[in-house]
Amino acid sequence: MNAPLRLAPTPIFAEPLLRLQDLHMSYALRDGGERLALAGVSLDLPAGEVLALIGSCGSGKSTLAQLAAGLAAPTAGLVAFEGLDIAAAGPRARRGIAILDASPDLPCGRTLRDIVAERRAVCAHGQAPGLELARLFELLDMEADLDRYPDELSEGGRRRAALARALAGNPRLLILDEVTAGLDPEVAGFFLTALTRVNAETGLTILLITHDMTAVTAIAPRVAVLDGGRLVEQGSTARVLARPEHPVTRRFAAAATGATLPPFLAEKLQDEPTPRGRALIRLAFEGVSATRPVLTSVARELGFDLGIVAGSLGAAGGEPYGVLIVAAPCDEPYFTAAVERLEDAELAVEVLGFVA
């Protein structure tokens, strides 16, 4: 799991920086039909916040990224940035928005230093000054690459270079569409750490669109879940991962926490207990309860062990959380006593089934 990272406090404004209101988006098909990409999505993003948007392939994530950046107009609904309807205001409303994906397009034949300086010069007119370029390079840990050309950089270096170029334009909103896709964990970690530094120093608002749960838990205090073009769940990342409600969210949460039954146990799972068997129980922790030795205290009080089968403890967006699958006796009165005592400890308790 990821250690907590220091994030910028979220300022409170009457109007969110980005407002998506009842968005619908459909595409015409060659056979005359339509494909529905988004159906009634509403979402607010306050200034300074880092929000992760997750969902399976085809859920509408990239369509939402294009609409939020003003690169496409919705079939119906409103995209407002800093209070302006992007579709009505045109390019003027998009000046404070930058969008990056996993395929950065960097001009050839110029050094990274020149590429970034050119973007700063183009975007400086009429805008508040952003980070000094020297400080930007320092935050992104890329001073050693400034006199290199894009084709001399590694894939991770190219993506950090594209990030530097985008940030040189001093955006208020940065939209990241699967920016860690294809990167090895160490390189992705460097990229996410750089984003965290920039958010902490500047209060940059970030919309992270991804299916990479490592990225989500590393930098996003809040998460929203898309499925079939609809927003099915949202909330603090720790709460959503610890206590997912929608089936899609449960799959993503299991990937983040490792709280899935090993196959050799899953195939033996039964609906009814057997004498001297074990009950497999999913426990969810968040906030203060995730930092207390709850299992040790409960086991000591009850007089029997609760064996950990799978799961982990960690932090999401700086807030502690954890999900564990434990094995407890399924004979009475031990089983009922274990469930009641765990619930008394303010844990979310779900009995997955029983094994002999």
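If packing is taken as the average count of other Cβ atoms within 10 Å, what order do 321-329, 153-161 fall into, highest mean first? Please list the in-between numbers first.
Values: 321-329: 23.2, 153-161: 19.1.
Result, highest mean first: 321-329, 153-161.
Ignoring solvent entirely, what values of log10 I(q)/I(0) come out of the Debye formula for segment 259-355 at 0.14, 0.22 Å⁻¹ when each Cα is a single scatterer?
With no solvent term, the Cα-only Debye profile gives -0.49, -1.13.
Between the helical axis of 185-202 and the dominant principal axis of the chain, each derived from Cα atoms, what acute angle in degrees is found, rounded to the nearest 10?
Taking Cα atoms only, the helix is inclined about 70 degrees.
Sorted by average packing, counted as other Cβ atoms within 10 angstrom per residue and highest first, what order do 82-95, 264-277, 229-242 take?
Per-residue Cβ counts within 10 Å, averaged per peptide and sorted highest first, yield 229-242, 82-95, 264-277.
Note the angle between two axes, namely the Cα long axis of helix 112-123 and the longest principal axis of the Cα atoms of the chain, as a number of degrees from 0 to 90, rounded to the nearest 10.
70
Across segment 162-176, in residue order, what do the Karplus-derived ³J(HN,Hα) couplings come to in whole Hz, using 6.51 cos²θ - 1.76 cosθ + 1.60 with θ = phi - 60° and x for Gly and Pro?
Coupling constants for segment 162-176: 5, 5, 4, 4, 5, 6, 5, x, 6, x, 8, 10, 10, 9, 10 Hz.
Per residue and in Å³, how big is the convex hull formed by the alpha-carbon atoms of the chain?
Dividing the Cα hull volume of the chain by its residues yields 167 Å³.
Karplus couplings for segment 229-243 from phi (6.51 cos²θ - 1.76 cosθ + 1.60, θ = phi - 60°), rounded to Hz, Gly and Pro as x?
Values, residue by residue: x, 10, 7, 9, 6, 7, x, 4, 4, 4, 5, 5, 6, 6, 10 Hz.
For segment 82-189, place one equal point scatterer on every Cα, skip the solvent, and apply the Debye formula. What is log10 of I(q)/I(0) at q = 0.15, 0.20 Å⁻¹?
Debye output, listed in q order: -0.66, -1.10.
Given points 7 Å out from each Cα along the Cα-Cβ axis, report the residue 44 to residue 102 separation in nanometres with one decimal.
3.3
I'd like the distance separating the alpha-carbon centroids of segment 40-119 and segment 222-248, in whole Å.
What the calculation gives is 21 Å, centre to centre.
Quick one: which residues, 5+ away or cross-chain, put their amide H under 5 Å from the amide H of residue 175? H built at 1.01 Å from N.
For residue 175, whose amide H was placed from the backbone, the distant partners under 5 Å are 98, 99, 100, 207.
None of the figures in this text is laboratory data; all of them are computed from the coordinates on show. From a predicted model like this one, the values you see are computed outputs, not experimental measurements. In this analysis, Cβ positions are derived from the backbone assuming ideal geometry, glycine residues included, and neighbour counts consider all displayed protein chains.
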